[in-house]
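Comments concern the structure below.
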Amino acid sequence: SQELEQSPQSLIVQEGKNLTINCTSSKTLYGLYWYKQKYGEGLIFLMMLQKGGEEKSHEKITAKLDEKKQQSSLHITASQPSHAGIYLCGADHSGGSNYKLTFGKGTLLTVNP
Amino acid sequence: EAGVAQSPRYKIIEKRQSVAFWCNPISGHATLYWYQQILGQGPKLLIQFQNNGVVDDSQLPKDRFSAERLKGVDSTLKIQPAKLEDSAVYLCASSLPAGQGLALVNIQYFGAGTRLSVL
């Protein structure tokens, strides 16, 4: 969806390197959901952000929502081969009036050992 | 807790044939979604159910796609007749929304998907 742009489209890093994936919206992000997908599998929920300036971490993955609530970033510290996959952001643009999410096209992450 | 179950995992059919996919959501989840994910794209919502009622089917190609959710639990998605461009992964998700308005939290849990190849 052009409402939600992810960058980069793909990323190749060496194991141990840090990386950042961005998700930019043309509309206010009332809820921003990060998912990970391995090839041939469904989406696995990672984190959800809702408030401007909010930051959440789980293990080596940190997600932030900017103050204006139009951009989110996902940062991985000291990447490992297990981090490889497709990272997708999903946006609630409705402010809670419906239960729909609009997804970006995803970022394909490859981590070389 | 059991996750979202989908079957079959893979299906290969010829164009103009029909196909059906099945989804069993997480127990107690009132909201169920069917998505189409074409290679290299994000999931696109086809239809959304709240219990056994359709909330949104604006992007469902109704001339060939149909879906139902019997008794507000299991759901089936059917394509008849299939076209080459229907080749994709069909994902089912379910959720139990919490909160309201700006405080809404609606984590969708996904099944493993059905990979459809139309030849």
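Region B:43-119 and region A:1-79 have their alpha-carbon centroids 24 Å apart.
Taking a straight line from the alpha carbon of A:Lys51, these lysines sit under 17 Å away, with near neighbours fewer than eight places off in the same chain left out: A:Lys27, A:Lys64, A:Lys68, A:Lys69. Using the Cβ-Cβ distance between B:Asn52 and A:Ile12 with R0 = 45 Å, the FRET efficiency computed as 1/(1 + (r/R0)^6) comes to roughly 0.50. For region B:1-71, the alpha-carbon coordinates run over 36, 27, 26 Å along the three principal axes, in decreasing order.
Rg and Dmax over the alpha-carbon atoms of chain B stand at 14.1, 46 Å. Taking the DSSP bridge list for region A:4-112 and keeping only pairs wholly inside it, about 90 percent are antiparallel.
Charge dipole (Cα centre; +1 on Lys/Arg Cβ, -1 on Asp/Glu Cβ; no other charges) of the protein assembly as shown amounts to roughly 340 debye.
The value given for the protein assembly as shown is a Kirkwood hydrodynamic radius of 18.2 Å, derived from the mean inverse Cα-Cα separation. For region A:4-112, the solvent-accessible area works out to 47 Å² per residue, with a probe of 1.4 Å and every protein chain left in place.
Longest stretch of chain B clear of exposed loop sites (trypsin sites (Lys or Arg not before Pro), DSSP loop, at most 14 other Cβ atoms within 10 Å, sites excluded): B:17-61. In whole percents, the pair-distance distribution calculated for region A:3-113 from its alpha-carbon pairs, binned every 5 Å from zero, is 2, 13, 24, 25, 19, 10, 4, 1, 0.
What size of dipole, in debye to the nearest 20, comes out for chain B about its Cα centre when the only charges are +1 on Lys and Arg C-beta atoms and -1 on Asp and Glu C-beta atoms?
Numbers: 12 positive and 9 negative charges, 66 e Å.
For chain B, the charge dipole is close to 320 debye.
Which residues of region A:37-81 end up with at least 10 Å² less accessible area in the presence of all protein chains than when their chain stands alone, using a 1.4 Å probe? Hits at the 10 Å² cut-off: A:Gln37, A:Tyr39, A:Gly40, A:Glu41, A:Gly42, A:Leu43, A:Phe45, A:Met48, A:Gln50. The phi torsions of region A:17-23, fed into the Karplus equation with coefficients 6.51, -1.76 and 1.60 and a -60° offset, translate into couplings of 7, 8, 8, 9, 10, 10, 9 Hz, rounded to whole numbers, with Gly and Pro shown as x.
Sequence-distant contacts, meaning Cα pairs under 8 Å at least 6 residues apart, place the relative contact order of region A:4-112 at 37 percent. For region A:4-112, the residue among A:Ser94, A:Gln71, A:Tyr35 whose Cα projects farthest onto the positive side of the dipole built from Cβ charges is A:Ser94. Between B:Ala30 and A:Lys60, the simple spin-label model (points 7 angstrom out along Cα→Cβ) gives 4.1 nm.
Surface composition of chain A: carbon plus sulfur atoms contribute 47% of the solvent-accessible area (1.4 Å probe, protein chains only, all chains present).
The values are calculated or read from the model by the stated rules, or taken from the named source; none is laboratory data. Note that the structure is a prediction, hence the values are computed from the model and not measured. Glycine also receives a Cβ, built like all others from the backbone with ideal geometry; neighbour counts cover every protein chain displayed. To get the accessible areas, we keep the full protein, side chains included, count just its heavy atoms, and leave off ligands, DNA and RNA. Shrake-Rupley method; radii C 1.70, N 1.55, O 1.52, S 1.80 Å.
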